[in-house]
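**Q** Could you have a look at this structure, given as structure tokens, before my questions?
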Number of protein chains: 2
Amino acid sequence: MFRRSPLSAGFRIGYIGGGQLAAMSALQAFRFGMDVAAYAASADEPLCRMTPRMTLGRPDDIDLLTAFAATCDVLTLENEFLDAAVLAAVRDRSGTPLFPTPESFAAIEDKIVEKRTFSEAGIPVADWREVRDEADLTRFGADFGWPYILKSAKGGYDGYGNATAYDVESAKRGFAKLGGESGRPILAEALIPFTKELAVMVARNEHGVAVYPCVETIQENHICKVVVVPAPIPVPLRRQAQELAVAAMEAIDATGIFGFEFFLTADNRLLLNESAPRPHNSGHYSIEGCATSQFENHVRAVCQLPLGSVDMRRPVAVMVNLLGTHARPVTADGIGASFLEPDAHVHIYGKRWSRPGRKMGHLTVLGDELTDTRERAETLAKSIRV
Amino acid sequence: MFRRSPLSAGFRIGYIGGGQLAAMSALQAFRFGMDVAAYAASADEPLCRMTPRMTLGRPDDIDLLTAFAATCDVLTLENEFLDAAVLAAVRDRSGTPLFPTPESFAAIEDKIVEKRTFSEAGIPVADWREVRDEADLTRFGADFGWPYILKSAKGGYDGYGNATAYDVESAKRGFAKLGGESGRPILAEALIPFTKELAVMVARNEHGVAVYPCVETIQENHICKVVVVPAPIPVPLRRQAQELAVAAMEAIDATGIFGFEFFLTADNRLLLNESAPRPHNSGHYSIEGCATSQFENHVRAVCQLPLGSVDMRRPVAVMVNLLGTHARPVTADGIGASFLEPDAHVHIYGKRWSRPGRKMGHLTVLGDELTDTRERAETLAKSIRV
């Protein structure tokens with residue numbers, strides 16, 4: 001499949017996107033002796049300080065991406081703000097394998113296609129419809145209840161690209177805000193009164209599948225703040241989430257590592273919420289928490305190497321995102337206590353500028369018991385200002 | 001001490017030397033959000049594929065080193081084939097802190113100075129003398145017995161720079177081979193009939209000291225092949241080795257991370273054999289084996305950050321070096337079994353060319369019991385050809 005063995009001198013993995021996910025993945029590629037190349041929007045992105053092989057460009061510049069691809073042995077990506085047709089063109093013109101494949105990517109590249117893909121595969125999702133006009137907006141509320149959520153099909157993350165529809169008037173305002181009136185595809189989704197948000201990472205390639213533990217993700221202001229591993233729910237529910245994640249992976253014939261987010265409802269139903277075709281914030285704990293991290297299995301998966309064990313090294317892991325506290329050039333203050341704690345592991349992403357709420361790093365604490373470990377992690381994280 | 005906080009955007013750590021030790025240390029610097037710069041002899045060195053900031057030069061080029069240093073917030077090194085006077089000039093001219101300091105480095109920079117330093121500090125070493133002529137060579141054999149070892153004071157490693165003196169004739173030949181006749185400083189050292197070779201890593205800076213477990217190192221053809229952690233010797237002896245390593249560290253007022261190699265004699269005496277002012281092959285197991293790896297504590301130590309816990313994550317770790325099996329461009333074959341073993345962790349260094357006996361990577365296996373863990377590690381390593 002590749003021009004040379006992924007474990008031979010000079011094998012080069014090209015990342016489309018230069019953010020912290022690509023950077024953490026690249027650290028593992030280096031560990032296998034690989035070279036790394038970055039296709040990034042800005043030289044300030046974390047991956048760009050880690051390689052002499054940087055191309056700056058837009059994610060829709062097929063010619064530049066193709067030239068970049070031609071210098072790489074395999075391509076992968078670290079965000080979903082890409083176009084499947086662009087990816088297919090780049091792969092086909094360059095002849096460089098790209099994982100996840102553009103075909104898998106196409107099956108989830110916007111939220112409407114994604115819901116359709118997983119619904120058709122029998123994976124439970126929240127009730128949803130594509131909405132095109134006021135009549136659709138009104139009918140959705142009537143059919144599935146108010147309030148509900150409006151989402152732009154493409155480009156949303158961390159709560160951006162969402163609006164809550166409380167009634168027809170606010171539905172119309174949300175629809176307009178998200179660009180629905182100028183033709184951007186919008187979907188309506190029933191508001192799920194969930195008790196927990198869960199996530200499962202899955203790596204998959206021609207060697208098989210590796211399924212990480214089911215975790216709980218805890219959001220603040222729509223941004224993931226804390227991840228608790230394993231999710232404090234009954235084991236059969238955890239297992240069911242893992243099975244649904246694998247089914248979703250198979251439904252799109254995915255190669256690479258994907259994150260799947262679920263809602264757990266009050267009546268213990270699991271609904272697939274979103275998927276991400278890349279390493280995922282909910283999997284950062286695995287760097288120290290698992291025998292093989294999500295980043296190592298990302299590299300293994302896209303290089304078609306055998307996948308590694310996801311066994312947990314300790315019974316519990318808690319990850320806390322270090323969100324920007326100031327608008328300023330990055331300085332991590334108050335990190336001393338974390339540095340002295342044997343079970344704590346601090347990661348700072350190497351971004352140049354902090355701003356309130358921006359993901360600047362994370363802290364993972366391993367432990368034997370959930371409540372205590374979470375408390376230690378949150379206490380340590382609180383003392384850090386970044 | 002530094003121009004800006006080590007945890008602020010753009011803080012740059014400069015490595016003098018671009019080999020695998022610098023590369024593995026750099027992976028940890030990236031994890032703290034730091035930038036990395038390489039001063040290397042060749043663009044093919046492992047660290048050079050990991051940074052856009054590479055300077056190619058000789059290790060004695062003070063002007064070029066000073067210019068390099070001026071672009072960095074802190075400097076460190078990854079081998080001892082440097083000159084303390086050069087390091088001092090570079091630090092003083094650039095104003096960039098350099099750890100380990102040239103003063104500590106000077107106290108161990110050649111084997112004669114090193115033996116004198118540690119002897120004077122009361123740390124037991126093998127009997128030794130500087131030898132300058134045939135009379136010295138003859139007298140050493142008479143005083144301390146035949147055979148003995150001749151060592152060039154500077155530049156030896158992995159058995160290079162050593163010769164065995166069986167009698168006066170072979171002593172003269174070895175002395176000549178090592179350059180003694182053209183004035184290179186040579187020392188004679190009593191041959192120690194050791195039962196084991198041991199090593200201890202110590203990190204130290206203004207925050208304190210972190211002492212790693214005492215390990216056993218097993219050599220083949222003078223090259224470290226296997227490291228067993230902890231060393232299978234009585235606990236009081238392990239503790240004594242750790243105490244001697246700390247005493248050695250204090251004797252030279254060292255900042256950074258140092259490796260200390262010991263002989264264990266048949267009558268259970270510990271003799272300090274060699275010191276290395278940098279991460280050390282005997283400490284690679286700590287990447288997965290300890291709460292804080294030697295590379296993380298290297299970065300913390302030279303950046304004057306609080307040192308991390310050296311607690312072992314599992315009772316036992318065994319590291320096996322993956323030595324080159326062929327003279328060829330690097331290709332790691334037969335790695336599949338290691339990739340499937342949850343307790344095994346493979347590192348390939350990203351060197352371009354393999355040759356028999358060259359250190360190309362390593363494999364660490366964690367476990368609960370020594371014999372079994374070592375057997376698994378050696379079996380897995382045997383299946384890898386690199």
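The values are calculated or read from the model by the stated rules, or taken from the named source; none is laboratory data. Predicted, not measured: the structure shown is a model, and the values here were computed from it. Here the Cβ positions follow ideal geometry from the backbone for every residue, glycine too, while neighbour counts run over all protein chains shown.
Yes/no matrix, rows are residues, columns are (1) surrounded by fewer than 18 Cβ atoms within 10 Å (Cβ to Cβ); (2) in contact with a Leu (Cβ under 6 Å, 6 or more places away or on another chain):
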site: A:Gly145; (1), (2): yes, no
site: A:Ala163; (1), (2): no, yes
site: A:Ala176; (1), (2): yes, no
site: A:Gly179; (1), (2): yes, no
site: A:Pro185; (1), (2): no, no
site: A:Ile233; (1), (2): no, no
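**Q** All but one of (1) in a strand (DSSP E or B); (2) facing another protein chain (nearest Cβ under 8 Å); (3) more than 28 Å from A:Glu45 (Cβ to Cβ) hold for A:Pro342; which doesn't?
**A** Only one criterion in (1) in a strand (DSSP E or B); (2) facing another protein chain (nearest Cβ under 8 Å); (3) more than 28 Å from A:Glu45 (Cβ to Cβ) is unmet by A:Pro342, namely (1).
**Q** Just wondering, is there one or more residues in the range A:314-330 that are within 28 Å of A:Phe2 (Cβ to Cβ), assigned by TED's automatic domain parsing to the domain that holds A:Gly357 and in contact (Cβ under 8 Å) with a residue 60 or more places away in the chain?
**A** Among the residues of the range A:314-330, not one is within 28 Å of A:Phe2 (Cβ to Cβ), assigned by TED's automatic domain parsing to the domain that holds A:Gly357 and in contact (Cβ under 8 Å) with a residue 60 or more places away in the chain, which makes the answer no.
**Q** Still on this structure: Take the range A:279-298 and flag every residue that is surrounded by fewer than 24 Cβ atoms within 10 Å (Cβ to Cβ) and either more than 14 Å from chain B (Cβ to nearest Cβ) or under 16 Å from A:Ala23 (Cα atoms) (or both).
**A** A:Asn281, A:Ile287
**Q** Based on what the data block shows, is A:Gly122 in the same structural domain as A:Phe175 (by TED's automatic domain parsing), in a loop (DSSP other than H, G, I, E, B) and surrounded by fewer than 17 Cβ atoms within 10 Å (Cβ to Cβ)?
**A** Here the answer is no, as A:Gly122 does not meet what is asked.
**Q** When you scan the range A:188-198, do you find a residue that is surrounded by 22 or more Cβ atoms within 10 Å (Cβ to Cβ), at pLDDT 95 or above and touching a Gly at 6+ places or on another chain (Cβ under 9 Å), even just one?
**A** Within the range A:188-198 (the criterion being surrounded by 22 or more Cβ atoms within 10 Å (Cβ to Cβ), at pLDDT 95 or above and touching a Gly at 6+ places or on another chain (Cβ under 9 Å)), the answer is yes, since at least one residue qualifies.
**Q** Take the residues in the range B:308-331 that are within 24 Å of the chain's Cα centre (by Cα) and facing another protein chain (nearest Cβ under 8 Å); name whichever of them is surrounded by the fewest Cβ atoms within 10 Å (Cβ to Cβ).
**A** Checking each candidate, the answer is B:Asp311.
**Q** So which residues in the range A:3-18 are part of a strand (DSSP E or B), touching a residue at least 24 places away in the same chain (Cβ under 8 Å) and either within 8 Å of chain B (Cβ to nearest Cβ) or within 16 Å of B:Arg49 (Cβ to Cβ) (or both), if there are any at all?
**A** Listed by number, the residues that qualify are A:Arg12, A:Ile13, A:Gly14, A:Tyr15.
**Q** What's the total number of residues in the range A:304-349 that are modelled with pLDDT of 95 or more, farther than 23 Å from A:Glu375 by Cα and of a type outside the set (Phe, Trp, Tyr)?
**A** Result for the range A:304-349: 8.
**Q** Same structure, new question: What tally of residues in the range B:350-386 results from selecting those that are within 10 Å of B:Leu323 (Cα to Cα) and outside any helix (DSSP H, G or I)?
**A** Final tally of qualifying residues: 12.
**Q** Any chance you could count how many residues in the range A:163-177 are in contact with a Phe, Trp or Tyr (Cβ under 7 Å, 6 or more places away or on another chain) and part of a strand (DSSP E or B)? Full working, then the answer.
**A** Here is the first cut: in the range A:163-177, the ones in contact with a Phe, Trp or Tyr (Cβ under 7 Å, 6 or more places away or on another chain) are A:165-167.
Next, only the ones that are part of a strand (DSSP E or B) stay: A:165.
Matching residues across the range A:163-177 total 1.
**Q** Here's something else I'd like to know. Taking only the range B:163-196 into account, find how many residues are among the polar types (S, T, N, Q) and more than 25 Å from B:Leu271 (Cβ to Cβ).
**A** Counting residues in the range B:163-196 that are among the polar types (S, T, N, Q) and more than 25 Å from B:Leu271 (Cβ to Cβ) gives 1.
**Q** Starting from residues that are under 20 Å from A:Gly350 (Cβ atoms) and in a loop (DSSP other than H, G, I, E, B), keep the ones in the range B:19-47 and report whichever is farthest from the chain's Cα centre (by Cα).
**A** B:Gly33
**Q** Let me ask another. Quick check, is A:Gly256 within 30 Å of A:Gly33 (Cα to Cα) and in contact with a Lys or Arg (Cβ under 8 Å, 6 or more places away or on another chain)? First the steps, then the outcome.
**A** Values: within 30 Å of A:Gly33 (Cα to Cα): yes; in contact with a Lys or Arg (Cβ under 8 Å, 6 or more places away or on another chain): yes.
Yes, satisfied.
Okay, residues lined up against (1) within 30 Å of B:Cys48 (Cβ to Cβ); (2) part of a strand (DSSP E or B); (3) free of Cβ contacts under 8 Å to residues at least 24 places away in the same chain:
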{"position": "A:Thr55", "(1), (2), (3)": "yes, yes, yes"}
{"position": "A:Glu80", "(1), (2), (3)": "no, no, no"}
{"position": "A:Ala88", "(1), (2), (3)": "no, no, yes"}
{"position": "A:Asp92", "(1), (2), (3)": "no, no, yes"}
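**Q** Another question about this same structure. What do you reckon, is A:Asp44 under 23 Å from A:Met360 (Cβ atoms), outside the structural domain of A:Cys303 (by TED's automatic domain parsing) and in contact (Cβ under 8 Å) with a residue 24 or more places away in the chain?
**A** The answer is yes for A:Asp44.
**Q** Now for a separate question. Being farther than 16 Å from B:Ala210 by Cβ and free of Cβ contacts under 8 Å to residues at least 60 places away in the same chain is the filter here, so list the residues in the range B:250-278 that pass it.
**A** B:Asp267, B:Asn268
**Q** Go through the range B:19-33 and report how many residues are at the interface with chain A (Cβ under 8 Å from one of its Cβ atoms), in contact (Cβ under 8 Å) with a residue 40 or more places away in the chain and within 17 Å of A:Val36 (Cβ to Cβ). Don't jump to the end; show me each part of the working.
**A** The initial filter retains those residues of the range B:19-33 that are at the interface with chain A (Cβ under 8 Å from one of its Cβ atoms), namely B:23, B:27, B:30-33.
With the extra rule that they be in contact (Cβ under 8 Å) with a residue 40 or more places away in the chain, the set shrinks to B:23, B:27, B:31-32.
Narrowing further to those that are within 17 Å of A:Val36 (Cβ to Cβ): B:23, B:27, B:31.
Here the count works out to 3.
**Q** Applying the selection to the range B:232-249, what residues are among the hydrophobic types (A, V, I, L, M, F, W, C) and either in contact with a Pro (Cβ under 8 Å, 6 or more places away or on another chain) or without any contact (Cβ under 8 Å) to a residue 12 or more places away in the chain (or both)? Lay out the reasoning, then the answer.
**A** The first filter runs over the range B:232-249 and keeps only residues among the hydrophobic types (A, V, I, L, M, F, W, C), leaving B:233, B:235, B:237, B:241, B:244-249.
Correct list: B:Val235, B:Leu244.
**Q** If you don't mind, another one. Looking at the range B:364-385, is at least one residue crowded, with 23+ Cβ neighbours inside 10 Å, within 16 Å of A:Gly33 (Cβ to Cβ) and of a type in the set (D, E, K, R)?
**A** Within the range B:364-385, none of the residues are crowded, with 23+ Cβ neighbours inside 10 Å, within 16 Å of A:Gly33 (Cβ to Cβ) and of a type in the set (D, E, K, R).
**Q** With the requirement that a residue be out of contact with any Gly (no Cβ under 7 Å at 6 or more places or on another chain) and within 14 Å of chain B (Cβ to nearest Cβ), what does the range A:43-69 give you?
**A** Those that are out of contact with any Gly (no Cβ under 7 Å at 6 or more places or on another chain) and within 14 Å of chain B (Cβ to nearest Cβ): A:Ala43, A:Asp44, A:Met50, A:Thr51, A:Pro52, A:Arg53, A:Met54, A:Thr55, A:Leu56.
**Q** Related question: Collect the residues in the range A:348-378 that are among the hydroxyl-bearing types (Ser, Thr, Tyr) and either over 17 Å from A:Cys224 (Cα atoms) or within 11 Å of another protein chain (Cβ to nearest Cβ) (or both), keeping them in residue-number order.
**A** Those that are among the hydroxyl-bearing types (Ser, Thr, Tyr) and either over 17 Å from A:Cys224 (Cα atoms) or within 11 Å of another protein chain (Cβ to nearest Cβ) (or both): A:Tyr349, A:Ser354, A:Thr371, A:Thr373.
**Q** Which residues, taken from the range A:1-59, are of a type in the set (Lys, Arg) and either surrounded by 19 or more Cβ atoms within 10 Å (Cβ to Cβ) or modelled with pLDDT under 95 (or both)?
**A** A:Arg3, A:Arg4, A:Arg12, A:Arg31, A:Arg49 - these are the residues of the range A:1-59 that are of a type in the set (Lys, Arg) and either surrounded by 19 or more Cβ atoms within 10 Å (Cβ to Cβ) or modelled with pLDDT under 95 (or both).
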